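Here the structure comes first, spelled out in structure tokens, and everything after it is commentary.
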Amino acid sequence: MKLLIHDYTPEEFAPLAAQYDGWDIVSDDGTIRPCIGCFGCWIKTPGQCVIPDAYQTMARRIHAAEEVVVCTKWTYGGFSPFVKNVFDRSIGVVLPFFEIVDGEMHHQKRYPEVKPITVHFRGSGLDSEKQALSRRYVDAVCLNLQGMVKGVTFEELPAPARKQADDRPVSGTVLLSGSLRGKAANSRALLERLNRRLGAEIVDLVSCHGDYAALAARLRAAETIVLATPLYVDGLPSAVLRLLSALEQDPGGKKRVYAIGNLGFYESRQIQNLLAFVRSWCEQCGYVYGGGLAVGAGAMNAQLLKLPGAKNAVAGLERFASAILDGRSVNDHYEDSFLFPRAAYVLAANHSWIPKGKKNGLTKEELRWG
Ligand SMILES: Cc1cc2nc3c(=O)[nH]c(=O)nc-3n(C[C@H](O)[C@H](O)[C@H](O)COP(=O)(O)O)c2cc1C
């Protein structure tokens with residue numbers, strides 16, 4: 001059986017339904033919950049998400065499918081919030097353990113096959129630059145989830161009426177942690193270090209309890225936003241996308257937006273698509289993109305900010321703080337680990353999953369079950 005993941009409304013899908021007869025179909029029933037970054041799909045119920053909703057078994061549905069087709073609204077270069085949500089809830093399709101593929105860190109396979117994946121984007125103004133970003137993103141997603149790009153297409157739609165930032169008054173700086181891990185988040189740790197220089201307000205996305213419109217209203221009034229966020233399946237987490245989409249509906253006053261990305265892998269360059277998505281969102285809203293900071297081995301560096309190993313991340317945050325205080329835009333910066341070799345990071349990370357599984361009564365072998 002083939003698997004279709006789509007974000008069409010029921011009215012949009014009705015005339016297309018016949019061509020997907022007999023497929024396993026994943027559509028937006030309005031109940032999907034965001035991934036909360038707990039890794040339960042790796043260390044509690046291997047291969048299955050712990051959140052009990054209709055999307056809990058996505059990894060197994062992907063595994064069972066002979067191929068996967070994705071139909072998505074083009075959203076800042078990547079998938080729509082719903083489609084991204086489905087992918088964020090699917091990481092159980094790979095193992096927590098790392099390996100090096102073509103000189104880059106990735107996850108080991110849970111299942112033996114390589115899944116053919118086709119992505120159909122639809123949107124407006126999808127010029128060659130935008131298409132190149134989306135192709136690069138699909139390549140990254142497929143490499144990460146042990147898939148194979150079968151095809152990427154673009155359907156041009158009429159341009160919708162769009163609001164842009166206007167002259168409404170703005171003031172102050174909001175530091176926004178886009179992680180749903182709250183106070184434990186690496187994004188939060190990076191913001192706290194940055195905030196030693198800024199003395200601004202830190203807001204956790206998780207504290208809005210899914211009320212993205214309310215949080216968007218708060219951000220609309222800010223003059224400067226610093227978004228710190230984890231990399232999820234090579235892009236922005238779906239909850240961050242939902243918030244950005246809510247702001248895009250009514251961007252409010254002009255502002256400058258900075259982005260800080262962190263990730264589980266070692267190489268900060270894997271964050272480049274995420275930074276491009278934030279830049280693209282800024283363009284769509286009429287905001288100034290202030291620049292990005294990508295912190296490699298973020299899961300380690302963000303927790304070790306007081307130690308010499310995190311020297312590059314700290315230097316990057318210091319430079320970033322100066323730019324924010326001066327109201328300047330800077331080029332994207334990529335900061336990798338200092339004095340901590342990648343091989344040691346792989347060893348330490350791979351070993352760290354075993355006691356976590358053991359706490360849940362799982363052996364190392366059982367973590368590999370599907
Ligand atoms: C659903 C999900 C997808 C992820 N995808 C990636 C990825 O594509 N690349 C990567 O290096 N790390 C990935 N990670 C790891 C996180 O980026 C990493 O754990 C990060 O440090 C979490 O930051 P936070 O504590 O601010 O939430 C993913 C984690 C989750 C939960």
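What follows draws every value from the coordinates through simple rules; no lab data is involved. All of these numbers come straight from a predicted model, not from anything done at the bench. With ideal geometry, Cβ positions are generated from the backbone for all residues, glycine too; neighbour counts draw on all protein chains shown.
Shown here for the stretch 90-182: trypsin sites (Lys or Arg not before Pro) in loop regions (DSSP other than H, G, I, E, B) with at most 13 other Cβ atoms within 10 Å, namely R162, K163.
Of interest is the spacing of the C-alpha centroids, which for the stretch 49-127 and the stretch 228-259 amounts to 20 Å. Placing +1 on each Lys and Arg Cβ and -1 on each Asp and Glu Cβ, with no other charges, gives the chain a dipole about its Cα centre of roughly 1240 debye.
Comparing mean-square fluctuations of V101, V50, V314 from a GNM of the chain with C-alpha springs under 10 Å, the top value falls on V101. Considering only T224, T75, A14, and ranking their Cα positions along the charge dipole of the chain that arises from unit charges at the beta-carbon of Lys, Arg, Asp and Glu, the one farthest toward the positive end is T224.
Over the chain, DSSP H runs of length four or greater, each weighted -39,500 (n - 2.57), average out per residue to a 222 nm ellipticity of -10500 deg cm²/dmol.
Using a cut-off of 23 Å between Cα atoms, the listed pairs K109/K183; K73/K150; K73/K130; K183/K306; K2/K73 include K109/K183 as exceeding that distance. What the pair-distance distribution of the stretch 240-367 shows, using all Cα-Cα distances binned every 10 Å from zero, is 12, 33, 28, 18, 8, 1 percent.
A DSSP coil position with no more than 16 other Cβ atoms inside 10 Å describes the following GluC sites (Glu not before Pro) in the stretch 71-146: E113.
The magnitude of the dipole of the stretch 173-335, with charges of +1 and -1 set on the Cβ of Lys/Arg and Asp/Glu and taken from the Cα centre, is near 360 debye.
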